[in-house]
Amino acid sequence: MMAAGCLLMVSCNDFLDRYPYSENSSETMFTSATLAESVVSGVYSNLLYDYNSTDRTVLNWDSFSSVMDPQEGIVNLDYNYLFGTVQPNNGMFTTYWKRFYEGVNRANDVIEHINEVPDMSDELKSQRTAECKFLRAYHYFRLNVFWRGVPYYERNLAPDEYTKGRETEETIWNYIIKDCTDCIDCPAIPDKYAAGNSDYGRVTRGAAYALRGKAYMWLKQYDLAEADFRKVGECGYELYDGSYASLFTETNEQCAEMVFSVQMVEESGQGNAFSNNYGNYCTTGYGKYQHYLNVSFIDSFEEADGTPFSWDNYLPGYSSMSPEARSVFFLRNGMTDAEINTMTTYGADMSQYDATGNEARIQAAYANRDPRLAAIAITPYSTYEGGASGTAVLYTSRYPYRDWQAPSLDLRYGNNQYLLYPIRKFVTVGREYTNIGFNPVDVPIIRYADVLLSLAEAINEQGRWQEAVTYVNKVRGRAGVALLNTPGNDAVSVSSVEDMRVRIRNEKKWELACEEQLYCEELRWGTWDEDKFATGNGLQNVWGSPVYTYIWGGDAYLKWAIPQSEVEKNTNIKQNEGWN
């Protein structure tokens, strides 16, 4: 649906300085069904912003979460929010305030004017209005997560009329719920679209139930959230029954698990840029390796039998060694004398080095883990098929790095003086896509696995932890890990709401990593400060020595600053506490 021809809309501009369509242009665009449909497509196109840009200043929400870290070359430039140094005039606040309100304005334009179209059926007008109410709700959802109460506009105004103060956070959640309810109640909105349907990618009733359920979760109205998440399944959505690794492919991008996704095509500005931004130097098009997976997150993945992972089970004494000393376990076989001398100077305990078996020893620590780990991360001494050389070549992540060309064929990414965890999920394999920076794999915004885990959370928070186990196990079963409360397996035993709460949160991280949902979840859980800013956390070598360390900026950082320019233009907007 989201082909390049759909992008007829004007690009994002200042929300308060500009009305997105002048009165005359609105009158023009709603004089025919064809023109009006292009306006609706423009509302959808605003979703592309987070996923189709190779510009490093477009933020990745998972790099704000505890599962991912920005690479050292961009963190001080674009993610200094993680170092406690951001001021209210920072560009990130202004950019996303404008970007989300642009989505609101585009939706409002359709909602207000589409009934004027002379050659469009009443049913189609109703459907497009409902779709745009969902999209308006989605953009207000993002605004409310970050700012916790914003000005609410349900129609577009002249530039000097945008003078409202902020509504409360609760009020905005209820506006979101109302828009989702209107969408759900619209008879023209289908429960879901079948794969291959020409309208696939448009809003469905299942998506509206899911978004409304997420708003109820923020309000802690868990009974209402539970009811909505159950409705998503009744709309026909279900878990994909293949492997987790094969889910994020073009072949399966329209499977029944995808409740709402951003439609991509393999062309500049219209394609998925995750492969470029997550990918490594060996990825077709030379990936920008802007993000890496967090070491603590990787270490959190259980063994496939549900046993908590411990390095000491594979390398006795590992946890009592300094990070520098235990780096020895990650070294390649057959090191040269020069390499040995360098690592000795670094602090590696070379008495533990096995010149012929070092690689196999460390591979064993990853071999029997939750299969999602191998699908998400490129772990030490695992292989990755890249295509940057013009042909498909199998590379291996080794340390110390020598050369990405033959005969070494070492995996190359940003700064190979470090050994990090590059991302595998969403990254192009071999030469399957050759458009530099953009591939056609759709990006899920809402997946049924997320819905099931949210359902489990809603049920658990009502005290019914035994029932919640059932829904978590559906996700774990597909992943290929031991089911919770399996008889005779104490490692997966759950016996309380508190136990289950931790299980659900971990499961969401393992399941949803790299999909840009987890920052919002950690904010909702109230765990972001402790998860992201745990002592010593930041980008680390795989053995735990820091490349850089995060600095907590204080409780003010739990809410974003209202852009200083907006506070100055509209004196009715009050700044969030701690940002004055």
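Some observations on this one:
- Candidate set from the range 438-489 (those that are among the hydroxyl-bearing types (Ser, Thr, Tyr) and within 19 Å of Ala227 (Cβ to Cβ)); member that is surrounded by the most Cβ atoms within 10 Å (Cβ to Cβ): Tyr448
- Among residues of the range 490-538 being open to solvent by 40 Å² or more (accessible area, probe 1.4 Å) and part of a loop (DSSP other than H, G, I, E, B), the one that is farthest from Asn272 (Cα to Cα) is Ser495.
- Just one of (1) open to solvent by 10 Å² or more (accessible area, probe 1.4 Å); (2) polar (S, T, N, Q); (3) in a loop (DSSP other than H, G, I, E, B) fails for Thr95. It is (3).
- For Asn294: the one exception among (1) under 16 Å from the mean Cα position of the chain (by Cα); (2) farther than 25 Å from Leu523 by Cβ: (2)
- Among the residues of the range 420-436, those that are in a loop (DSSP other than H, G, I, E, B), surrounded by 23 or more Cβ atoms within 10 Å (Cβ to Cβ) and touching a residue at least 60 places away in the same chain (Cβ under 8 Å) comprise Leu420, Tyr421, Pro422, Val427, Thr428.
To keep it simple, each residue is scored yes or no on (1) within 25 Å of Tyr240 (Cα to Cα); (2) of a type in the set (Asp, Glu); (3) modelled with pLDDT of 95 or more.
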| residue | (1), (2), (3) |
| --- | --- |
| Ala482 | yes, no, yes |
| Ala491 | no, no, yes |
| Ser495 | no, no, yes |
| Asp499 | no, yes, yes |
| Asn506 | yes, no, yes |
| Trp510 | yes, no, yes |
| Glu516 | yes, yes, yes |
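- Answer residue from the range 120-151, given it is assigned to a helix (DSSP H, G or I) and of a type in the set (Val, Ile, Thr) and is farthest from the chain's Cα centre (by Cα) among those: Thr129
- Every residue from the range 249-286 that is over 28 Å from Leu452 (Cβ atoms), modelled with pLDDT of 95 or more and open to solvent by less than 10 Å² (accessible area, probe 1.4 Å): Gly279, Asn280, Cys282, Thr283
- Enumerated helices (runs of 4 or more DSSP H) restricted to the range 160-253, each holding at least 3 residues that are under 21 Å from the mean Cα position of the chain (by Cα) and in contact (Cβ under 8 Å) with a residue 60 or more places away in the chain: 205-218
- The C-beta contact set for the range 58-73 (first residue β-branched (Val, Ile, Thr), second residue surrounded by 23 or more Cβ atoms within 10 Å (Cβ to Cβ) and in a strand (DSSP E or B), distance under 8 angstrom, 6+ apart or interchain) comprises Val67/Leu293.
- Of residues in the range 98-119 being assigned to a loop (DSSP other than H, G, I, E, B) and either in contact with a helix residue (DSSP H, G or I) (Cβ under 7 Å, 6 or more places away or on another chain) or hydroxyl-bearing (Ser, Thr, Tyr) (or both), the one nearest to Pro563 (Cα to Cα): Val117
- Looking only at the range 344-361, and only at residues there that are among the hydrophobic types (A, V, I, L, M, F, W, C) and in contact with a Ser or Thr (Cβ under 7 Å, 6 or more places away or on another chain), the one that is nearest to Pro546 (Cα to Cα): Ala348
- Just one residue in the set Ala348, Ala364 is over 21 Å from Lys288 (Cβ atoms), without any contact (Cβ under 8 Å) to a residue 60 or more places away in the chain and surrounded by fewer than 16 Cβ atoms within 10 Å (Cβ to Cβ); that residue is Ala364.
The values are calculated or read from the model by the stated rules, or taken from the named source; none is laboratory data. Small disclaimer: the values here were computed from a predicted structure and weren't measured. Please note: Cβ atoms are built from the backbone with ideal geometry, for glycine as well, and neighbour counts cover all protein chains shown. Ligands, DNA and RNA are stripped out before the accessible areas are found, and what is left, the full protein with its side chains, is counted by its heavy atoms. Shrake-Rupley method; radii C 1.70, N 1.55, O 1.52, S 1.80 Å.
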